[in-house]
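> Here it is: the structure, laid out below.
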Ligand SMILES: [Zn+2]
């Protein structure tokens, strides 16, 4: 079984809240398969202005109808119990019970994830269950028995930290969240694909950048990581979300929006996914880039995503709505972006005037039927190869595929017609 399948199969159904044994188990599994460290951040630790929550566990979570049938049971789906609920045992009239039921009228047959209390500061005071809206409408008046036993304790939030070293200390980090109970695309599928990417990069010789993979509970992991290590050598970031569903790929720019990682994403999308959308910073959802590419750090971080995703935060974000081919496609995009970051160099030409292409026709013939872009751009590429612009700068300026510029550059290098102009731009 591949590392991707193993991580998803073994982890997706677990009750992966911000701090809990299932979330920690997920991080341990990732470590076992992909290496690196698991960092612990104890409950109560102040990280930037955030505080790591307590460990939360559900021992029992059942609602029994007046006739004894089960309205909801944590055993059937962890999403039934609202994350970070306090304990409650007792009997309630239907109208009282309804105050503790969370439903989604727009998706009346589904259970919606109730995440909010994990992010609320301070002592928890509330409890609740998520059930399908239609199930709530069908409940008969009468006395309902609630048996909700949860436990808060001092635990530790787990964060995976996997480093794949390159020649430079400058680091590109790739991040995804380990939290989100019983959901596939929102979180764990992205951890899985990034773990696979880490394995592939480790097998490559001569990496230019260092790569660092950071997986942990949403928001808190970003706060914790930055409070422990600061900006350090983190130079660029990529945040992954929702990548295994069947919707079109999209990406959100960094706050600056014109950095090299933005240019690399833009180039790959323009060449391979021209219909896909670019969103501004923090859209459509804000994830951990709000920390890394936020106040005091501003590490340019791009988010790769697939949306609109109909199953967002529903229990139907399950293996039936997981498309392995789409996850692979996301991996190809990431590898293409990394390939650009790794091979981008700046050349200066050793000749003047437009190159007598026909003289080197075996290497430099551009068939307009095969590559109109190259046929049209060859003059501009040569003008812009002035020792100040890299392949990526030129490709971005001309709106053409990075690979066209790089392939031309490497051919004229081989012919002794150009030389590298100083260290690569990073
Ligand atoms: Zn989410």
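The values are calculated or read from the model by the stated rules, or taken from the named source; none is laboratory data. What you see is a predicted model, and the numbers here were worked out from it, not measured in a lab. Glycine also receives a Cβ, built like all others from the backbone with ideal geometry; neighbour counts cover every protein chain displayed.
> May I ask you to say which residue of 266, 270, 326 is under 17 Å from residue 236 (Cβ atoms) and buried (at least 17 other Cβ atoms within 10 Å of the Cβ)? First the steps, then the outcome.
On the way: 270 fails: under 17 Å from residue 236 (Cβ atoms); 326 fails: under 17 Å from residue 236 (Cβ atoms).
Going through 266, 270, 326 in turn, just one is under 17 Å from residue 236 (Cβ atoms) and buried (at least 17 other Cβ atoms within 10 Å of the Cβ): 266.
> Given the criterion out of contact with any helix residue (DSSP H, G or I) (no Cβ under 9 Å at 6 or more places or on another chain) and at pLDDT 95 or above, identify the matching residue among 265, 220, 213, 229.
229
> Whether any residue in region 161-176 is within 16 Å of the ligand (Cβ to nearest atom) and either buried (at least 18 other Cβ atoms within 10 Å of the Cβ) or closer than 17 Å to residue 334 by Cα (or both) is what I want to check. It would help to see each step written out before you state the result.
Going through region 161-176, the residues within 16 Å of the ligand (Cβ to nearest atom) turn out to be 175-176.
If we keep only those that are either buried (at least 18 other Cβ atoms within 10 Å of the Cβ) or closer than 17 Å to residue 334 by Cα (or both) as well, we get 175-176.
Yes, some residue in region 161-176 is within 16 Å of the ligand (Cβ to nearest atom) and either buried (at least 18 other Cβ atoms within 10 Å of the Cβ) or closer than 17 Å to residue 334 by Cα (or both).
> Still on this structure: Within the bounds of region 188-209, is there any residue that is over 19 Å from residue 306 (Cα atoms), touching a residue at least 40 places away in the same chain (Cβ under 8 Å) and within 14 Å of the ligand (Cβ to nearest atom)?
No, every residue in region 188-209 fails to be over 19 Å from residue 306 (Cα atoms), touching a residue at least 40 places away in the same chain (Cβ under 8 Å) and within 14 Å of the ligand (Cβ to nearest atom).
> Do any helices (runs of 4 or more DSSP H) entirely within region 340-405 hold 1 or more residues that are within 37 Å of the chain's Cα centre (by Cα), and if so, which?
Details: elements: 361-364, 372-384, 391-398.
The helices (runs of 4 or more DSSP H) meeting that bar are 372-384, 391-398.
> Within region 109-123, which residues are over 13 Å from residue 315 (Cβ atoms) and free of Cβ contacts under 8 Å to residues at least 60 places away in the same chain?
Residues satisfying the conditions are 116, 117, 120, 122, 123.
> Any idea which of (1) more than 25 Å from the chain's Cα centre (by Cα); (2) on the phi < 0 side of the Ramachandran plot is the one residue 21 doesn't satisfy?
Against the list (1) more than 25 Å from the chain's Cα centre (by Cα); (2) on the phi < 0 side of the Ramachandran plot, residue 21 comes up short only on (1).
> Return the residue satisfying two criteria in turn: it lies in region 6-21 and is in contact with a helix residue (DSSP H, G or I) (Cβ under 8 Å, 6 or more places away or on another chain) and in a helix (DSSP H, G or I), and of such residues it is nearest to residue 325 (Cα to Cα).
8
> Now for a separate question. Which is surrounded by fewer than 21 Cβ atoms within 10 Å (Cβ to Cβ) and either under 27 Å from residue 144 (Cα atoms) or without any contact (Cβ under 8 Å) to a residue 60 or more places away in the chain (or both), of 75, 81?
Values: 81 fails: surrounded by fewer than 21 Cβ atoms within 10 Å (Cβ to Cβ).
Result of the check over 75, 81: 75.
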